[in-house]
Amino acid sequence: MPLVWLIVLPGLHWRPMHDVANDRRLPDTESILISKELALTHQRVVWHPEMLDLCRRQLDILERATGRDVCLRDCEGQVLCGSESGIGLWHDIAVDCGQGDNPRLVVACLGLGLGGKCSDELADGLLLMACDSLGQLIGRSGLTPMHHSLSDAGPDAMELLQNYIDSFHEHIWIKDTSGVYRICNISASLSWGKPLAEIVGKSDDELNPDNADSFVRTDAEAIRRGVPIVVAECVDRDLHKGRIWLETTKAPMLDRDGRLLGIIGITRDIARYKAAEEQLLLARRVFENSVEGVMITDRHGKISEINGAFFDITGYSREEVIGKNPRMLSSGRHEKAFFAKMWQSLLTDGQWHGEIWNRRKDGNLFPQQIRISAVYGDNEEVQYFVAVFSDISRQKQSEAELAHMAYHDPLTRLPNRIKLATVMEQQLRTALHHGQQLALVLIDVDLFKHINDSFGHLIGDEVLLELSKRLDDSVSSEDMLARIGGDEFVLLCNIDNNEDASLAVSRLKRAFEQPFRVSTGDELRLTASMGIATFPNDGGDPDTLLRNADAAMYRAKQEGRNSHAFYTEQLTKASVVQLRMQSALYGALASNAFHLVYQPKVDLSSRKAMGFEALIRWHDPLLGFVSPAVFIPIAESAGLIHEIGLWVLRQACMQGRRWLDAGYEIGRIGVNVAGPQLHRPGFVEEVQQVLRDTGFPAACLELEITESMMMQEPEQVIDTLKRLGDLGIMLAVDDFGTGYSSLNYLKKLPIHILKIDQSFVRDLPDDSDNGAIAGAIIAMGQALRLQVIAEGVETEAQARFLSALGCQQAQGYLFAKPAAAEELGAFLNPSPAAAGQKTVTNAGKDR
Ligand SMILES: Nc1nc2c(ncn2[C@@H]2O[C@@H]3COP(=O)(O)O[C@H]4[C@@H](O)[C@H](n5cnc6c(=O)[nH]c(N)nc65)O[C@@H]4COP(=O)(O)O[C@H]3[C@H]2O)c(=O)[nH]1
């Protein structure tokens, strides 16, 4: 935008011209025209150096004020001073120049419509004015001699003014139009560290050269705007206070005719406001950056402010909620009474906190933890309500998950034992109240351990997961299926009679009909034993019902598995007997009430005794004779089997040693080892110790381990058996054919003997199935180069049949019943050193 400069120098008396002929004051435009004429007669401008310097200073001020480059040219367009880029419209100017020591110069511009005001202002001093092409004043600089105003005010007025401004803490000063300090108060002088006398009469260049530029620029800015302006806010150092925050306000000072006298400035310490401002800023930042949603409402409940987190949580922007009522978030989940209570608390206590369900913009409901506080005004009345809330959906979800985990089985997601107990409590109460019946079916998967042992736990889990789905599908929605142990499930259902319970059981059994295909590609078949207890007949509380269902299930297992049994009182009696037996067993151990009998094992061809099996006997004064088949499992579950087993081993070895010492060739003495013994750490060392203690040769000892025990944790068993084998002990698989052996493992086991279970011998030779099984076991033994011995041989026919199949040894009543050591003389062969050999002629006495 082109700029036009109007310059009047001091001493110029350019007043509106007077037409003497017509005695009238010429209008400004005419005056200017005439001036131009006048000026045109003075073709050469003679610049006095002082005048030029003055011009330069004023141009500087003008440049700073307008932010533009300014130059001064003479009437012929020669640049006199200023910068080249600021070329203006100087061809229209008129110049009048005085002579000698009284230089006079008129530089006027034409056609700018500055009017009379301009001519008045131009009356004295130097004034530079920047106008745009339309004549709008956009900046000015100039000086009006102070003698017209302040200096003329006289010493009294000046003293009064000085006293007046000294009474303020603010720094107050006045500069004249040339930027020279005319007045300054004590506060400023103290802060600047200069006495008043050193300030007054000096310019900023002299007092504060570093900041002079900006001070002069802001002076010009205040003059240009013509109103008070805050020109600076800055951190400064006060000689006395140290670091301070200052704010400077400047205003043009005009005389009563509106003529510019100078600049008045006030600088005040705004530390207090700054601190408050910083606090506010901080609060704003906290407000904005808070992860919790904040909503401020006026006392009528209209939303007046929200923060960013509000938007993040609810999805509503500021524009969408300001002026609205928070009801817009309502989920509809809470009763009116809920909000009435909340308001009651807000109005009486000034705050409320709790959980509220609200609705997001997308319509989804979410729970929030919220604290609402009333903010009171000076009149003790509520001005605002501030609500701070957080979305607790995740928290709720994890709480729900935790609660679910506490009451559900992690693998199958079915209710667990705790949940079952809680539901049973409720259902029993309801059933009692309504006179209904309930059935509790305990489902135990048969020999599930073998799956884990053979295929690993991952496959075991796969099977359980599939089974749980099948079982769940087979129960109705009112019934409850729970998993209460590794392979134990429970069905709780309403029934009208036992028939209903049987029906429920047959539905459950269907879950086992199809094989379970696992990720290895194998198809596994499962069966289950189920025990049923009913309410109210078999128990009135969850514990009793569960215990009785367990007893029934146990009976189903004893009956050969893959079946179910109802609870009977008989079962309770049996378990009472079992308990009695358990405590009697403790007594038997303490009182040495056990003894051993030995059953010979014979060679089927020669019928010579090849060894003996040691069998434990127990005669209790109250219970009478108790079969080991009955008390050994009880000893196992009571944790007594280790002691009993070790006692048997020691007794058998001692007896063997006695026989050897007596000069008999006894072959091997077989000792039964129960599963828990085999899995006990240190078992091998215990055996070693017994052999050492008794001096019985390891080669004469045979340990018999049932097939099913060997299949439990086979890897560990293989290790134990290997170590036993390394000692020179022979190892026999007892009851072979009953334990679902994995042939794969059998191959790996360091065993020497297979004992055909007596159940396959019993009906030989008539039972063709048993015959085939016995034949297969014998063939397998031969293939694996194992000795095979048949148990429970009672008849000659059986003995001949087995011998014909290739079985080398046998044990059974046909040859001898288990008998006390001292009764077995007939079966003891003197060692080669001893004379003669006895043959097996009769059966020993059992017990
Ligand atoms: N019907 C019939 N039975 C015959 C005949 N020949 C032998 N028996 C019986 O068959 C069982 C063979 O022992 P087992 O299979 O190891 O079966 C044993 C064994 O598993 C366990 N047992 C016995 N003594 C001990 C022991 O000291 N420790 C451990 N852990 N278990 C033992 O108790 C089970 C039963 O032992 P017992 O009652 O002594 O019964 C013995 C024996 O008396 C026969 O011709 N016909």
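Exposure check, 1.4 Å probe, all protein chains in place: I313 carries approximately 20 Å² of accessible surface. Just name one of I484, H457, A511: the one whose Cα is farthest towards the positive end of the charge dipole of the range 448-520 (beta-carbon charges, Lys/Arg +1, Asp/Glu -1). My answer, from the dipole projection, is H457.
When all protein chains stay in place and ligands, DNA and RNA are ignored, the 1.4 Å accessible-area order of T430, T544, T297, largest first, is T430, T544, T297.
For the full complex of protein chains and a 1.4 angstrom probe, list V230, V291, V445 by accessible area with the highest value first.
V291, V230, V445
Within the assembled protein chains, the solvent-accessible surface assigned to R429 is about 150 Å², based on a 1.4 Å probe.
The packing ranking of peptides 588-597, 416-425, highest mean first, is 416-425, 588-597, where packing means the average number of other beta carbon atoms within 10 angstrom of each residue.
How high is the relative contact order of the range 265-395, in percent, with contacts defined as C-alpha pairs under 8 Å that are six or more residues apart? Working shown, then result.
Numbers: 205 pairs, mean separation 29.8, N = 131.
So the answer I get is 23 percent.
With the simple model of a label 7 Å out from the Cα in the direction of the Cβ, V291 to R800 spans 9.0 nm.
Protein chains only, probe 1.4 Å: how do S803, S167 rank by accessible area, largest first? Could you put the intermediate results ahead of the total?
Values: S803 50, S167 85 Å².
Final ranking, largest accessible area leading: S167, S803.
Close amide-amide hydrogen proximity is noted between G262 and M253, each under 5 Å apart and 5 or more residues distant or on a separate chain (H modeled in the peptide plane; Pro and chain starts excluded).
Amide H contacts of N672: A614, E704, each under 5 Å away and 5 or more positions distant or on a separate chain (H built 1.01 Å from N in the peptide plane; Pro and chain starts excluded). Potential lengthening of the chain between Q688 and S575 amounts to 37.0 nm, from the contour at 0.36 nm per residue minus the alpha-carbon distance.
Peptides 200-212, 273-285, ordered by how many other C-beta atoms sit within 10 Å of their residues on average, highest first, read 200-212, 273-285. The charge dipole of the range 563-686, taken about the Cα centre with unit charges on the Cβ atoms of Lys, Arg (+1) and Asp, Glu (-1), comes to about 260 debye, rounded to the nearest 20. Placing +1 on the Cβ of every Lys and Arg and -1 on the Cβ of every Asp and Glu, with no other charges, gives the range 451-548 a dipole of roughly 220 debye about its Cα centre. Between K324 and I303, the built amide H atoms are under 5 Å apart, and every one of these is 5 or more places off in sequence or on another chain.
Shown is the FRET efficiency for S502 and E401, computed with R0 = 41 Å from the Cβ-Cβ distance and rounded to the nearest 0.05: 0.60. Averaging the Cα positions of each part gives two centres, and for the range 496-551 and the range 554-599 these lie 23 Å apart.
Given Cβ point charges of +1 (Lys, Arg) and -1 (Asp, Glu) and nothing else, what value in debye, to the nearest 20, does the dipole of the range 552-601 about its Cα centre take?
On the way: 6 positive and 2 negative charges, 27 e Å.
The calculated dipole for the range 552-601 is roughly 140 debye.
The calculated FRET efficiency for L623 paired with S331, based on their beta-carbon distance and R0 = 60 Å, is about 0.30. Applying both filters, DSSP loop and at most 10 other Cβ atoms within 10 Å, to the GluC sites (Glu not before Pro) of the range 773-817 eliminates every site.
Using the average count of surrounding beta-carbon atoms within 10 Å as a protection proxy, the listed peptides 451-457, 386-392 rank, highest first, as 386-392, 451-457. With Cα atoms defining each centre, the range 175-205 and the range 778-793 are spaced 125 Å apart in the structure.
Solvent-accessible surface (1.4 Å probe) assigned to Y598 amounts to roughly 10 Å².
Round to a whole angstrom and tell me the spacing of the C-alpha centers of the range 606-680 and the range 346-374. What the calculation gives is 76 Å, centre to centre.
Report, ordered by chain and residue number, the lysines lying within cross-link reach of K336, taken as a straight Cα distance under 25 Å and ignoring same-chain residues fewer than 8 apart. Of all the lysines, those that pass the test against K336 - Cα under 25 Å, at least 8 places apart if same chain - are K302, K324, K361, K396.
For Q351 and R272 in the same chain, what is the full-extension length gain: residue separation times 0.36 nm, less their Cα-Cα distance, in nm? Each step should come with its number before you reach the end.
Details: separation 79, 0.36 × 79 = 28.44 nm, distance 3.15 nm.
Here the answer is 25.3 nm.
Only lysines eight or more places from K557 in sequence, or on another chain, were considered; those with a Cα closer than 21 Å are K449, K509, K573.
The values are calculated or read from the model by the stated rules, or taken from the named source; none is laboratory data. Predicted model, so just to flag it, every value in this text is computed and none were measured. All Cβ positions, even for glycine, are placed from backbone atoms using ideal geometry, and neighbour counts span all protein chains on display. With ligands, DNA and RNA removed, areas are computed over all heavy atoms of the protein, side chains included. Shrake-Rupley method; radii C 1.70, N 1.55, O 1.52, S 1.80 Å.
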